[in-house]
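Everything below concerns the one structure shown next.
The values are calculated or read from the model by the stated rules, or taken from the named source; none is laboratory data. Since the model is a prediction, treat every value here as computed from it, not as a measurement. So basically every Cβ, Gly included, is an ideal-geometry build from the backbone, and we count neighbours across all protein chains shown. Protein only, heavy atoms only, side chains kept; ligands, DNA and RNA dropped before computing areas. Shrake-Rupley method; radii C 1.70, N 1.55, O 1.52, S 1.80 Å.
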Amino acid sequence: MREELLATARKLSELGLNQGTAGNVSVRDGDGFLVTPSGMPTETLTPHDMVKMHFDGSHQGERPPSSEWRFHRDILAARPEVGAVIHTHSMFATTLACLRRDIPPFHYMIALAGGDSIRCAPYALFGTQALSDAALEALTDRRACLLANHGMIAVGRDLAHALSVAREVETLCEQYWRALQAGGPVLLTDHEMQEAIEQFKDYGQWKTAPKK
Ligand SMILES: [Zn+2]
């Protein structure tokens, strides 16, 4: 699992979704989870550097966990169907996050993120409980959200799924940004998005969180 976590962190760099020490990844592991360490470029990391954490916030080993361990912990604790969490400062998601705007249903693939929008969580300082609380709220019934003036979070049933959600969200953000440059997209109607969301319910065996 340590190797798979590191491979996912490296893949995010290769794909250009993260640079240097930005971004972090976690995966459920036994009675806790594994998270990438704080402030180390992925190229220098070994599987041994992945940090084992418990849900009370304690960790094992000499490496300190990512400064964003709180939202990784809180998402994995609150969402039993989620097995992995990816955080990036990818170019287009972060650009839109700096505009502090939700991504509206301009394309049916928005349904891949679980609903008819990708929300942007209000701004809070990195590494804080306030940021984690805002992220959890923005992720209600969703597999992704933006973090105002910061970046994006994508979740999945496992690392491969979370990575595919992160890639798709970044692509959607680029497409939305381009459509905004050309005068703004025509949005899908509620009915058209509901049809797409229904189709996605059986897609990839993902079980959506029960509606409140
Ligand atoms: Zn960040």
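Scanning the stretch 61-82 for residues that are more than 16 Å from the ligand (Cβ to nearest atom) and either open to solvent by 10 Å² or more (accessible area, probe 1.4 Å) or over 19 Å from residue 156 (Cα atoms) (or both) gives 61, 62, 63, 77, 78, 79, 80, 81.
For (1) in a helix (DSSP H, G or I); (2) of a type in the set (Ser, Thr, Tyr); (3) out of contact with any Gly (no Cβ under 9 Å at 6 or more places or on another chain), each residue gets a yes or a no:
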residue	(1), (2), (3)
5	yes, no, yes
8	yes, yes, yes
13	yes, yes, no
22	no, no, no
28	no, no, no
40	no, no, yes
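Among the residues of the stretch 30-46, those identified as modelled with pLDDT under 95 and either of a type in the set (A, V, I, L, M) or open to solvent by 40 Å² or more (accessible area, probe 1.4 Å) (or both) are 30, 31, 38, 39, 40, 41, 43, 44, 45, 46. Quick check on residue 124: is it open to solvent by less than 20 Å² (accessible area, probe 1.4 Å), more than 21 Å from residue 8 (Cβ to Cβ) and more than 15 Å from the chain's Cα centre (by Cα)? For residue 124, the condition - open to solvent by less than 20 Å² (accessible area, probe 1.4 Å), more than 21 Å from residue 8 (Cβ to Cβ) and more than 15 Å from the chain's Cα centre (by Cα) - is met. Could you check the stretch 127-160 and list, in sequence order, the residues that are assigned to a loop (DSSP other than H, G, I, E, B), away from the ligand (no atom under 12 Å from the Cβ), under 24 Å from residue 9 (Cβ atoms) and out of contact with any Cys (no Cβ under 9 Å at 6 or more places or on another chain)? Of everything in the stretch 127-160, those that are assigned to a loop (DSSP other than H, G, I, E, B), away from the ligand (no atom under 12 Å from the Cβ), under 24 Å from residue 9 (Cβ atoms) and out of contact with any Cys (no Cβ under 9 Å at 6 or more places or on another chain) turn out to be 142, 143, 157, 158.
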